[in-house]
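For reference, the structure discussed in these notes is given below.
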Amino acid sequence: MTTTLQEMGKRAKQASFVLAQLSQQQKNQALDMIAQQLEAQSEKILAENQKDIALAKQNGLSDAIIDRLLLTPSRLSGMANDVRHVISLADPVGKLIDGGTLDSGLKIERIRVPLGVIGTIYEARPNVTIDVASLCLKTGNAVILRGGKETQYSNKILVEVVQQALVQAGLPQYAVQAITDPDRNLVMELLKLDRYVDMIIPRGGASLHELCKQHSTIPVIVGGIGVCHLFVEQSADLDKALPLIENAKTQRPSTCNTLETLLVQHSIAAQFLPKLAQYLSAKQVKFHADPTALAILQSVQADVEPVQAHQLRQEWLSYDLNVVIVDDMEQAINHIREYGSQHSDGILTGSQQLAQQFVTQVDSAAVYVNASTRFTDGGQFGLGAEVAVSTQKLHARGPMGLEALTTYKWVCVGDYSTRG
């Protein structure tokens, strides 16, 4: 299989050279063909997906994971429409970033170009196969996909359908490839394929990101781990804070932009926490509280237990919420620096000065003032689509749209110019 993975890399690199030269119209025609084929071959795709579902049930996977795995006619139709949505997005490739003429007479421009070959490692969501493939094709990148073993039948058929559509559109079949063998060693090999792969994007839990960081010889986009905070400062409008916190915590708890730790200023804790407990009671939120917050919440018989130190660093991805009392802004910011994942953190305040201080001092990919952390999303940010959410600082940060799948090259034009 080693030679096969090398061969995959070679094919992807060759395909990337062709894709980089395509016009927006050619790429959009290929994407339209993919959307059509997803619908035309829906019965075959759904039949393969049922094999994954049967195995998942046999292996005792949770209902939540099985739901993520499941493809239905409406979900498949939604995937096809998502591809059509990518067609409607502006193509960043070839865009002039800036430029001018130097004193030497050299005309110099910075132009957006594809990254080349993307490697994506992800878990139990077959829709990611199509999402990533379509976003990579739109930006002229080839892609090697490695889904979880739970989705091997679904991924195999989806990639076959995409490859057939590419051939029909006159594009290289191997612009989209998938590693469907569940052997985990192949992930390690992919992470070392730096001769052919230009960037790795892991989509999954903390352990997957850690594995990629430790073993990859290719640049890795780290992100998607969200230990997100909101600080309720004493001048905040407490009545307006309640629905905002409810939204941040309970709208879709399994996402990386969900609120995990609420910081409350000591001066308003006794007044605010009973209101919050009552407001969230219908959603059955379970509180994990520091000693001060614990005493207040126990007095109103909220569902609460003492918070453990390690819980302040974990993503609950559930209806659990940490509550920590802080004396002031400085203590709140220090807590975020110590326990946060630099994903999304916010302040609820009536003070413009404190809001600005928070924005300046909190070093996260997205910083909020009087808004829910749930907005950290490519669609919500107006990027049209999202490849991932990056919590690192180099190349891309926060929700990654199409532009984040490009780099740039300097184009320098002279008149037989020489350097003096």
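The values are calculated or read from the model by the stated rules, or taken from the named source; none is laboratory data. This structure is a prediction, so every number in the text was calculated from the model and none was measured. Cβ atoms come from the backbone with ideal geometry, glycine included; neighbour counts cover every protein chain shown. Calculation scope for accessible area: heavy atoms of the full protein, side chains included, ligands and nucleic acids excluded. Shrake-Rupley method; radii C 1.70, N 1.55, O 1.52, S 1.80 Å.
Among the residues of segment 347-366, those that are under 20 Å from Leu244 (Cα atoms) and among the hydroxyl-bearing types (Ser, Thr, Tyr) comprise Thr349, Ser351, Ser364.
Given Leu405, Leu383, which one is at pLDDT below 95, touching a Leu at 6+ places or on another chain (Cβ under 8 Å) and surrounded by 14 or more Cβ atoms within 10 Å (Cβ to Cβ)?
Leu383
Only one of the numbered conditions (1) in contact (Cβ under 8 Å) with a residue 24 or more places away in the chain; (2) open to solvent by 80 Å² or more (accessible area, probe 1.4 Å) is violated by Gln58, and that is (1).
Every residue in segment 307-344 that is in a strand (DSSP E or B), over 21 Å from Cys256 (Cα atoms) and either touching a Ser or Thr at 6+ places or on another chain (Cβ under 6 Å) or open to solvent by 60 Å² or more (accessible area, probe 1.4 Å) (or both), please.
Residues of segment 307-344 in a strand (DSSP E or B): 320-326, 344.
Adding the requirement that they be over 21 Å from Cys256 (Cα atoms) leaves 325-326.
Answer for segment 307-344, where residues must be in a strand (DSSP E or B), over 21 Å from Cys256 (Cα atoms) and either touching a Ser or Thr at 6+ places or on another chain (Cβ under 6 Å) or open to solvent by 60 Å² or more (accessible area, probe 1.4 Å) (or both): just Ile325.
Check whether at least one residue in segment 367-375 is over 20 Å from Lys240 (Cβ atoms), open to solvent by 20 Å² or more (accessible area, probe 1.4 Å) and touching an Asp or Glu at 6+ places or on another chain (Cβ under 8 Å), and report yes or no. Checking segment 367-375: not a single residue is over 20 Å from Lys240 (Cβ atoms), open to solvent by 20 Å² or more (accessible area, probe 1.4 Å) and touching an Asp or Glu at 6+ places or on another chain (Cβ under 8 Å). If only residues of segment 34-47 that are surrounded by fewer than 21 Cβ atoms within 10 Å (Cβ to Cβ) and not hydroxyl-bearing (Ser, Thr, Tyr) are counted, the one that is nearest to Ala169 (Cα to Cα) is Gln36.
Just one of (1) in contact with a strand residue (DSSP E or B) (Cβ under 8 Å, 6 or more places away or on another chain); (2) within 27 Å of Gln164 (Cα to Cα); (3) open to solvent by 30 Å² or more (accessible area, probe 1.4 Å) fails for Ala15. It is (3). Cβ separations smaller than 7 Å between residues 6+ apart or across chains give the following pairs from segment 188-206 residues that are within 20 Å of Ala15 (Cβ to Cβ) to residues that are open to solvent by 60 Å² or more (accessible area, probe 1.4 Å) and β-branched (Val, Ile, Thr): Glu189/Thr2; Asp194/Thr217. Do we have Ala133 as open to solvent by less than 10 Å² (accessible area, probe 1.4 Å), in contact (Cβ under 8 Å) with a residue 12 or more places away in the chain and within 22 Å of the chain's Cα centre (by Cα) here? Yes, satisfied. Taking the stated definitions as given, is Val304 β-branched (Val, Ile, Thr), open to solvent by 60 Å² or more (accessible area, probe 1.4 Å) and more than 27 Å from the chain's Cα centre (by Cα)? When the stated conditions are applied, Val304 does not pass them. Selection of first residues in segment 325-346 that are of a type in the set (D, E, K, R) and of second residues that are open to solvent by 30 Å² or more (accessible area, probe 1.4 Å), restricted to Cβ pairs under 8 Å at least 6 apart or on distinct chains, gives the following pairs, ordered by first then second residue: Asp327/His266; Arg337/Asp363; Asp345/Val367.
Every listed requirement among (1) touching a residue at least 24 places away in the same chain (Cβ under 8 Å); (2) touching a Phe, Trp or Tyr at 6+ places or on another chain (Cβ under 8 Å) is met by Ser390 save one, (2).
Restricting to segment 345-371, and then to whatever is in contact with a strand residue (DSSP E or B) (Cβ under 8 Å, 6 or more places away or on another chain) and part of a loop (DSSP other than H, G, I, E, B), can you tell me which residue is farthest from Thr120 (Cα to Cα)? Here the residue is Thr349. Residue-level analysis places Leu186 among those that are in contact with a Leu (Cβ under 7 Å, 6 or more places away or on another chain) and surrounded by fewer than 23 Cβ atoms within 10 Å (Cβ to Cβ).
Does Ser154 satisfy the criteria of being touching a residue at least 24 places away in the same chain (Cβ under 8 Å), surrounded by fewer than 17 Cβ atoms within 10 Å (Cβ to Cβ) and within 27 Å of Leu46 (Cα to Cα)?
On the way: touching a residue at least 24 places away in the same chain (Cβ under 8 Å): yes; surrounded by fewer than 17 Cβ atoms within 10 Å (Cβ to Cβ): no; within 27 Å of Leu46 (Cα to Cα): yes.
The answer is no for Ser154.
Filtered by the rule that a residue be surrounded by 21 or more Cβ atoms within 10 Å (Cβ to Cβ) and among the aliphatic types (A, V, I, L, M), segment 278-301 gives Leu280, Val285, Ala289, Ala293, Ile296, Leu297. If I go through segment 210-249 residue by residue, how many of them are under 17 Å from Val285 (Cβ atoms) and small (Gly, Ala, Ser)? Total meeting the criteria: 2. The set of residues from segment 248-268 being surrounded by fewer than 21 Cβ atoms within 10 Å (Cβ to Cβ), more than 17 Å from the chain's Cα centre (by Cα) and in contact (Cβ under 8 Å) with a residue 40 or more places away in the chain comprises Thr250, Gln251, His266.
Given the criteria open to solvent by less than 70 Å² (accessible area, probe 1.4 Å), touching a strand residue (DSSP E or B) at 6+ places or on another chain (Cβ under 8 Å) and at pLDDT 95 or above, does Thr391 qualify? The answer is no for Thr391.
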